[in-house]
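Below is one structure, written out as structure tokens, with a few remarks after it.
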Amino acid sequence: MIIEFLSVILLLALDQWSKYMTVIHIKPRTDDLQIINGIFELTYVENTGAAFGIFKDGTFFLIIIVIIVIIVILRYKRKIPRTKHYLPLHILSVFIIAGALGNLIDRIRVHYVVDMFHFYWFEFPVFNVADIYVTCSAFLLMILLLTKYRDLEI
């Protein structure tokens, strides 16, 4: 439990550091920072909505939803056995909680989330480290729950 708590803190710190570095180094620029020309850039976006621009300017609503999601995850996490077999579920929950908290901190503090990664050759929405945590972990969690843990009763 302590390792999971420290892992959330470490992942949260990485997310917040990446957003801070974006504000310090990318926001003042007059142009985006091209990393892979024609494919990927670092940019500065103040996202007042959720994924893909939904719930734009819905800060209060999004804060409530994120708090509920974190509570639900923590509630079900307690019911998952602490054995090696279920370790992937515990790890994924750590990433989801860290990502949710990372964006929640931004919404409470400045009423928007700082996004910076932009793959523009296929017009994917700009995203951040916390989004990576949540999206990748939720995807893997769905796959695991539909395959390896489909008989898990929580």
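No value in this document is a laboratory result; all are computed from the given coordinates. For clarity, every value in this text was computed on a predicted model and none was experimentally measured. With ideal geometry, Cβ positions are generated from the backbone for all residues, glycine too; neighbour counts draw on all protein chains shown.
Listed values, structure above:
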quantity	calculated
FRET efficiency for LYS84 and ALA13, using Cβ-Cβ distance with R0 set to 35 Å, rounded to 0.05	0.80
Whole-Å semi-axes of the ellipsoid equivalent to the range 69-154 (Cα gyration tensor, √5λ, descending)	28, 17, 9
Eligible lysines near LYS27 by straight Cα distance, threshold 23 Å, same-chain separation 8 or greater	LYS19, LYS56
Helix 59-79 vs. the chain, principal-axis angle (Cα, 0 to 90°, nearest 10)	30
Dipole of the chain, positive end: most advanced residue of LEU33, VAL94, PHE139 [Cβ charges, Cα centre]	VAL94
Contour minus Cα-Cα distance for ILE67 and ILE105 (0.36 nm per residue)	12.6 nm
Between 0 and 90°, nearest 10: helix 129-146 axis offset from the chain longest Cα axis	30
Shape metrics for the chain, restricted to C-alpha atoms - Rg then Dmax, Å	16.8, 53
Cβ charges +1 (Lys, Arg) and -1 (Asp, Glu), total dipole of the range 6-154, debye	840
ILE143 versus LEU6: modelled label distance in nm, points set 7 Å from Cα along the beta carbon direction	2.9
Degrees between helix 2-21 axis and first principal axis of the chain (Cα, 0 to 90, nearest 10)	10
